[in-house]
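A.B. asks: One structure is given below, represented as structure tokens, and several questions about it will come after.
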Amino acid sequence: MSQRPLRVLSLHGYRQDGASFREKTGALRKLLKKQVELVYMTAPHHVTRVCSAGGATGGGSGPVSGSGGPSGPGAEGGGSGGPDPRGWWFSDVEGRSFSAQQRCAESLGLEESLAAVRAAGEELGPFDGVLGFSQGAALVAVLCALQERDPDPPLRVRFAVLVAGFRSACDGHRGFYGAPLGVPPLGVPPLGVPPLGVPPLGVPPLGVPPLGVPPLGVPSLHVFGLDDRVIPDAMSRELLPLFREPAVMEHPGGHFVPASSTHRRTYQDFLSRFL
């Protein structure tokens, strides 16, 4: 009797939706069809096409599941998203737009997205793992933190895959990374301190988690491209110290989910621990 495939909730990037991410990860589904069933959902916040930064026009969400279909690189912020572009939160509260590099005191929309993930888990779960791309991967890191620190987290999984992930630059999110009050995300200069200035007392060096904060125990695979111009690999590497013994897969390409035959072994080696 054959084993059932691992069920993995899949979270798209900014300005994509569940359907477009499903299409763009066709090669990955084909590569891992014997091990994994990818189940897709859509973020609750609409993003307009008027400008490259994007804006919100309303709410609503809908999970999408299935397999098969064409493949292609997943792009974020470059106009190649789905027909109904969505986002998980906005870094510009007034402009209702998002940039991974934008430092902000507060964000807009994260709570609604966490509620949407909870609803998807209840409707389509349970899930063995979660996979996220770009802003979706940043959300995966938040979900992993909540799984360990919240008695009633939005989602419980056995593993996480973060593709082109990054730490949110929003001050209001720093608690997810265990940072004490007043400490900005790694790689983001404190407010009022120039980029080349000396950080204030208590700010850890890049790649070093705050003292006394244990790494997240959720097994994780971190995937990033060395030629990624949207989320540079240095931003993705800043997530590594937050996890205990993270697995890493580098690829020479840009901002997409790699799924060639050369990547099969790394994916399979990681996933085999949970089959």
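Every residue, every condition in (1) in contact with a His (Cβ under 9 Å, 6 or more places away or on another chain); (2) among the charged types (D, E, K, R), yes or no:
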| residue | (1), (2) |
| --- | --- |
| Pro85 | yes, no |
| Phe90 | yes, no |
| Glu94 | no, yes |
| Ala100 | no, no |
| Ser107 | yes, no |
| Glu112 | yes, yes |
| Ala115 | no, no |
| Ala120 | no, no |
| Val130 | no, no |
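A.B. asks: Can you tell me which residue in the stretch 15-46 is nearest to Leu114 (Cα to Cα), limited to those that are buried (at least 19 other Cβ atoms within 10 Å of the Cβ) and small (Gly, Ala, Ser)?
C.D. replies: Ranking the qualifying residues of the stretch 15-46, first place goes to Ala43.
A.B. asks: Of all the residues that make up the stretch 193-236, how many are open to solvent by 40 Å² or more (accessible area, probe 1.4 Å) and at pLDDT 70 or above?
C.D. replies: Final tally of qualifying residues: 8.
A.B. asks: Please tell me if Arg158 is under 29 Å from Pro44 (Cβ atoms), modelled with pLDDT of 95 or more and either surrounded by 14 or more Cβ atoms within 10 Å (Cβ to Cβ) or not aliphatic (A, V, I, L, M) (or both).
C.D. replies: yes
A.B. asks: Within the stretch 228-237, is even one residue out of contact with any Phe, Trp or Tyr (no Cβ under 8 Å at 6 or more places or on another chain), over 17 Å from Arg273 (Cα atoms), assigned to a loop (DSSP other than H, G, I, E, B) and charged (D, E, K, R)?
C.D. replies: Looking through the stretch 228-237, at least one residue is out of contact with any Phe, Trp or Tyr (no Cβ under 8 Å at 6 or more places or on another chain), over 17 Å from Arg273 (Cα atoms), assigned to a loop (DSSP other than H, G, I, E, B) and charged (D, E, K, R).
A.B. asks: Further question: May I ask you to list the residues in the stretch 238-256 that are within 22 Å of Arg273 (Cβ to Cβ) and either of a type outside the set (Val, Ile, Thr) or touching a Pro at 6+ places or on another chain (Cβ under 9 Å) (or both)?
C.D. replies: Across the stretch 238-256, the qualifying residues are Leu239, Leu240, Pro241, Leu242, Phe243, Arg244, Glu245, Pro246, Ala247, Met249, Glu250, His251.
A.B. asks: Also, quick follow-up: Spot the failing condition for Leu242; the list is (1) touching a residue at least 12 places away in the same chain (Cβ under 8 Å); (2) surrounded by fewer than 17 Cβ atoms within 10 Å (Cβ to Cβ), and only one is missed.
C.D. replies: (2)
A.B. asks: For Pro246, state whether it is at pLDDT below 95 and in contact with a strand residue (DSSP E or B) (Cβ under 6 Å, 6 or more places away or on another chain).
C.D. replies: No, not satisfied.
A.B. asks: Considering only residues of the stretch 261-275 that are charged (D, E, K, R) and surrounded by 12 or more Cβ atoms within 10 Å (Cβ to Cβ), which is nearest to His251 (Cα to Cα)?
C.D. replies: Arg264
A.B. asks: Does Ala141 meet the test of being in a helix (DSSP H, G or I) and more than 12 Å from the chain's Cα centre (by Cα)?
C.D. replies: no
The values are calculated or read from the model by the stated rules, or taken from the named source; none is laboratory data. As the structure is a computational prediction, the values presented were derived from the model and not from experiment. Quick reminder, even Gly has a Cβ in these numbers, built from the backbone with ideal geometry, and neighbours come from all protein chains shown. What goes into the accessible areas is simple: the full protein's heavy atoms, side chains included, and nothing from ligands, DNA or RNA. Shrake-Rupley method; radii C 1.70, N 1.55, O 1.52, S 1.80 Å.
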